[in-house]
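Some notes on the structure that comes next.
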Amino acid sequence: YWGHRFQYWRDPWADATGKGYQTIQSLLSIGSGGVFGRGIGQSMQKYLWVPEPHNDFIFAIVCEEIGLIGALVIIGLFCALLWRGFMIAMRAADKFGALLTIGLVCQVGLQALLNILVVTNTIPNTGISLPFFSYGGTAIVILLCEMGVVLSVSRYSSVNKG
């Protein structure tokens, strides 16, 4: 099982209509976006080509619609979220708040990183969704609660230091 999984990750074209189909369509979607993209809502790959375009492989559709520039902006926003989370953790009033903040922002950052690496075929497919983008009500509610906790740590630390 693992041997086949590794094989189709390294060469998805070995089974282009089976195991490698999703990866191939994802790469075609990213490539067809070019530098500036086709435009918001103008993706062609999301119509029956990329399986799960609203969930695991939404980053490929985003890359097709807003291009390389937009993808870099999204990656930059995730990096800014991580950086800001670390700044909040460094200024936290207590060690628990600092560790909680680091854990929450690292979880979001790692989830985003893994999704982007899967969509670009840098690592094998894992089924991890892109935070704040992928479809799913429960996931967005949990992410927003996590960010609320991080903001609470930030507010509590600023009240104690002010």
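The values are calculated or read from the model by the stated rules, or taken from the named source; none is laboratory data. Since this is a predicted model, take the numbers as computed values, not measurements. Every residue, glycine among them, receives a Cβ derived from its backbone with ideal geometry; neighbour counts consider all protein chains shown. For the accessible areas, the whole protein counts, side chains as well, though only heavy atoms, and no ligand, DNA or RNA atoms are used. Shrake-Rupley method; radii C 1.70, N 1.55, O 1.52, S 1.80 Å.
Could you figure out which of (1) open to solvent by less than 50 Å² (accessible area, probe 1.4 Å); (2) of a type in the set (D, E, K, R); (3) outside any helix (DSSP H, G or I) isn't true of residue 46?
Every condition holds for residue 46 apart from (1).
May I ask you to say which residue of 149, 141, 153 is open to solvent by less than 50 Å² (accessible area, probe 1.4 Å) and either under 19 Å from the mean Cα position of the chain (by Cα) or among the β-branched types (Val, Ile, Thr) (or both)? Give the derivation first.
Values: 149 fails: open to solvent by less than 50 Å² (accessible area, probe 1.4 Å); 141 fails: open to solvent by less than 50 Å² (accessible area, probe 1.4 Å).
Only one candidate qualifies: 153.
Does any residue in the range 110-131 that is more than 16 Å from residue 52 (Cα to Cα) come within less than 9 Å, Cβ to Cβ, of a residue that is at pLDDT 90 or above and among the charged types (D, E, K, R) six or more places away or on a different chain, and which pairs are these?
Hits for this filter: zero, empty list.
Can you tell me which residues in the range 10-25 are assigned to a helix (DSSP H, G or I) and either among the hydroxyl-bearing types (Ser, Thr, Tyr) or loosely packed, with under 12 Cβ neighbours inside 10 Å (or both)? Outline the logic, then answer.
Taking the range 10-25 as the starting set, the residues that turn out to be assigned to a helix (DSSP H, G or I) are 10, 12-15, 21-25.
Answer for the range 10-25, where residues must be assigned to a helix (DSSP H, G or I) and either among the hydroxyl-bearing types (Ser, Thr, Tyr) or loosely packed, with under 12 Cβ neighbours inside 10 Å (or both): 10, 13, 21, 23.
So in the range 92-122, with the set limited to residues that are part of a loop (DSSP other than H, G, I, E, B) and loosely packed, with under 14 Cβ neighbours inside 10 Å, which one is farthest from the chain's Cα centre (by Cα)?
Taking the range 92-122 first, the residues part of a loop (DSSP other than H, G, I, E, B) are 92-94, 120-122.
Keeping just the survivors that are loosely packed, with under 14 Cβ neighbours inside 10 Å gives 94, 122.
Values: 94: 30, 122: 14 Å.
Once the filter is applied, the top-ranked residue is 94.
If you go through the range 51-71 one residue at a time, do you hit one that is in contact with a Pro (Cβ under 6 Å, 6 or more places away or on another chain) and modelled with pLDDT of 85 or more? Lay out the reasoning, then the answer.
Narrowing the range 51-71 to residues in contact with a Pro (Cβ under 6 Å, 6 or more places away or on another chain): 61.
Among the residues that remain, those that are also modelled with pLDDT of 85 or more are: 61.
So far as the range 51-71 goes, yes, one or more of its residues are in contact with a Pro (Cβ under 6 Å, 6 or more places away or on another chain) and modelled with pLDDT of 85 or more.
From the set of residues in the range 26-38 that are of a type in the set (S, T, N, Q) and open to solvent by less than 20 Å² (accessible area, probe 1.4 Å), which is farthest from residue 120 (Cα to Cα)? Full working, then the answer.
Our first condition is that a residue be of a type in the set (S, T, N, Q); within the range 26-38, this holds for 26, 29, 32.
Now drop any that are not open to solvent by less than 20 Å² (accessible area, probe 1.4 Å), which leaves 26, 29.
Values: 26: 7, 29: 10 Å.
Looking at the filtered set, the residue picked out is 29.
Being part of a helix (DSSP H, G or I) and either modelled with pLDDT of 95 or more or surrounded by fewer than 15 Cβ atoms within 10 Å (Cβ to Cβ) (or both) is the requirement here; does residue 89 meet it? Give the steps one after another, and end with the answer.
On the way: part of a helix (DSSP H, G or I): yes; either modelled with pLDDT of 95 or more or surrounded by fewer than 15 Cβ atoms within 10 Å (Cβ to Cβ) (or both): yes.
The answer is yes for residue 89.
Please state which of the following conditions residue 132 fails to meet, knowing it meets all the rest: (1) of a type in the set (A, V, I, L, M, F, W, C); (2) within 30 Å of residue 94 (Cα to Cα); (3) not in a loop (DSSP other than H, G, I, E, B).
(3)
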